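I have placed the structure first, in the form of structure tokens, so that the comments after it can refer back to it.
The values are calculated or read from the model by the stated rules, or taken from the named source; none is laboratory data. Keep in mind the model is a prediction, meaning the values are calculated, not measured. Every residue, glycine as well, gets a Cβ built from its backbone with ideal geometry; the counts of neighbours run over all protein chains shown. All accessible areas refer to the heavy atoms of the entire protein, side chains included, with ligands and DNA or RNA removed. Shrake-Rupley method; radii C 1.70, N 1.55, O 1.52, S 1.80 Å.
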Amino acid sequence: MSTTTVFLSGATGYIAQHIIVQLLSKGYNVVGSVRSQEKGEKLKSTYGEQFQYVVVPSLDQKGAFDEALKQHPEATIFLHTASPVTFSSEDNEKDILIPAIEGTRNALQAIYDHAPQIKRVVLTSSTVSLADIDDFQIPSLKLNEESWASVTYEDGKTKDAMTAYWASKKYAEKAAWAFVESNKPNFALSAVLPSYVFGPQAHDAEAKGQMNLTAEVFASVYRLSKNDEVPEVAGPFVDVRDVAKAHIVAFEKDEAKGQRIITSSARFNAQSILNIIRDKFPDLREKLPVGVPANGDVSEFVRWDDQKSKNLLGFEFSDLEKVVVDTIEQVIRANK
Ligand code: NAP
């Protein structure tokens, strides 16, 4: 068991909750940053003694993480998961781009200025950093750890909020690598790049009501009624528990230093999720539409050249059936 302390930004998040569960089970102590005391107290009551929280109200204020890190000189690992995860906004730059990009710079600057004992930093980036929105529907697309989306900051500012999210992840990750390049800090940086993250919430109680963006995408399938159209959504996915595990591997393994680690299992579409629910949960069949079952036979469009990431991680990703079954079982438990 380890007594290492891990600082985790965005501790309330869907992925972060799984990271906390896995860190605590491995004996790490966790200091989580949250936006309010109320959110911190809720986490504290869930996780107990091995968990502490600090309030960092806004990612984009200069020095945002300074006090939090000064208060926790015991933290030697920093996981930066906090970032806006939304496909809607009133002001793309203010709501999405600036918190993502400046939040990343502020975190790294605070470590550099106030926490020289931090030796490993893991940034939660995204496969959206690798390629543009439409690229993911191109059968000949080939992606590897060196790929970058071509979306510009200006696109993110002026187009729809989904484009802003894409640009926010690309430019936040670029800012992190540039920071390391120009400041030569004490820490090694690694980036974890998940595709659409699906799978159960870390705690059953959170499987009711409004969830995060991608859990809601998934829920838009199991909440369908008999006569509804099957949504068009499709893309690559990964199990949230695998993403959490990848964050831990990213700071535990030396060979992860300086690496971009792609975490993506396979391709899904809404019909493929629906087919599994209808097959594995006969009691739900009557309530759900049939759709066009043959459309659920999705083959992967993107040709992932991600063996480097897979070798580094050293574990297999869960398939869609496991993700669907575990998620639906949790929804059933949560609504009993
Ligand atoms: P989430 O549940 O929405 O978590 C986002 C976290 O960031 C929350 O703790 C949230 O705090 C915090 N946050 C958001 N905007 C903020 C702001 N302006 N200031 C301060 N804190 C802010 O989403 P998630 O899926 O776990 O995402 C975590 C990370 O994974 C993000 O960096 C995201 O880009 C990345 N990612 C997610 C996916 C996916 O499919 N879900 C895929 C690839 C990468 P509150 O709880 O207070 O709102």
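Overview of results
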| quantity | calculated |
| --- | --- |
| For SER83: the one exception among (1) surrounded by fewer than 16 Cβ atoms within 10 Å (Cβ to Cβ); (2) touching a Gly at 6+ places or on another chain (Cβ under 7 Å) | (1) |
| Any hit, region 191-214, residues being surrounded by fewer than 20 Cβ atoms within 10 Å (Cβ to Cβ), away from the ligand (no atom under 11 Å from the Cβ), modelled with pLDDT of 95 or more and closer than 30 Å to ALA115 by Cα | no |
| In region 175-187, the residues that are within 20 Å of the chain's Cα centre (by Cα) and surrounded by 17 or more Cβ atoms within 10 Å (Cβ to Cβ) | ALA175, ALA176 |
| Residue list for region 49-69, restricted to those being closer than 15 Å to VAL6 by Cα and open to solvent by less than 30 Å² (accessible area, probe 1.4 Å) | PHE51, VAL54, PHE65, ALA68, LEU69 |
| Selection from region 222-241 of residues that are open to solvent by less than 30 Å² (accessible area, probe 1.4 Å) and modelled with pLDDT of 95 or more | LEU224, PHE237, VAL238, ASP239, VAL240 |
| Members of region 25-43 found to be in contact with a Ser or Thr (Cβ under 7 Å, 6 or more places away or on another chain) and either aromatic (Phe, Trp, Tyr) or away from the ligand (no atom under 15 Å from the Cβ) (or both), listed by number | LYS26, GLY27, TYR28, ASN29 |
| Region 162-177 residues that are without any contact (Cβ under 8 Å) to a residue 12 or more places away in the chain and within 12 Å of GLU102 (Cα to Cα), paired with ones that are within 11 Å of the ligand (Cβ to nearest atom) and not in a helix (DSSP H, G or I) (beta carbon under 9 Å, 6 or more apart) | none |
| Condition check for GLN22: under 17 Å from the mean Cα position of the chain (by Cα), more than 9 Å from the ligand (Cβ to nearest atom) and either in contact (Cβ under 8 Å) with a residue 60 or more places away in the chain or within 19 Å of LYS169 (Cβ to Cβ) (or both) | yes |
| In region 72-93, residue farthest from the ligand (Cβ to nearest atom) [restricted to those that are over 21 Å from THR163 (Cα atoms) and touching a strand residue (DSSP E or B) at 6+ places or on another chain (Cβ under 6 Å)] | GLU74 |
| Single residue of THR46, THR12 found to be near the ligand (Cβ under 8 Å from one of its atoms) and closer than 16 Å to HIS203 by Cα | THR12 |
| Neighbours by Cβ (under 7 Å, 6+ apart or cross-chain): first from region 201-217, in contact (Cβ under 8 Å) with a residue 40 or more places away in the chain; second outside any helix (DSSP H, G or I) and open to solvent by 30 Å² or more (accessible area, probe 1.4 Å) | LYS208/ASN335; ASN212/VAL85; LEU213/VAL85; LEU213/THR86; LEU213/PHE87; THR214/TYR196 |
| Flag if ALA219 is within 16 Å of the ligand (Cβ to nearest atom), farther than 29 Å from ARG285 by Cβ, among the hydrophobic types (A, V, I, L, M, F, W, C) and open to solvent by less than 10 Å² (accessible area, probe 1.4 Å) | no |
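Let's see how each residue does on (1) open to solvent by 10 Å² or more (accessible area, probe 1.4 Å); (2) away from the ligand (no atom under 14 Å from the Cβ); (3) touching a Leu at 6+ places or on another chain (Cβ under 6 Å); (4) under 30 Å from ASP66 (Cβ atoms):
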| position | (1), (2), (3), (4) |
| --- | --- |
| GLY103 | no, no, yes, yes |
| ALA107 | no, no, no, yes |
| HIS114 | yes, yes, yes, yes |
| GLN117 | yes, yes, no, yes |
| ILE133 | yes, no, no, no |
| ILE138 | yes, yes, no, no |
| ASN144 | yes, yes, no, no |
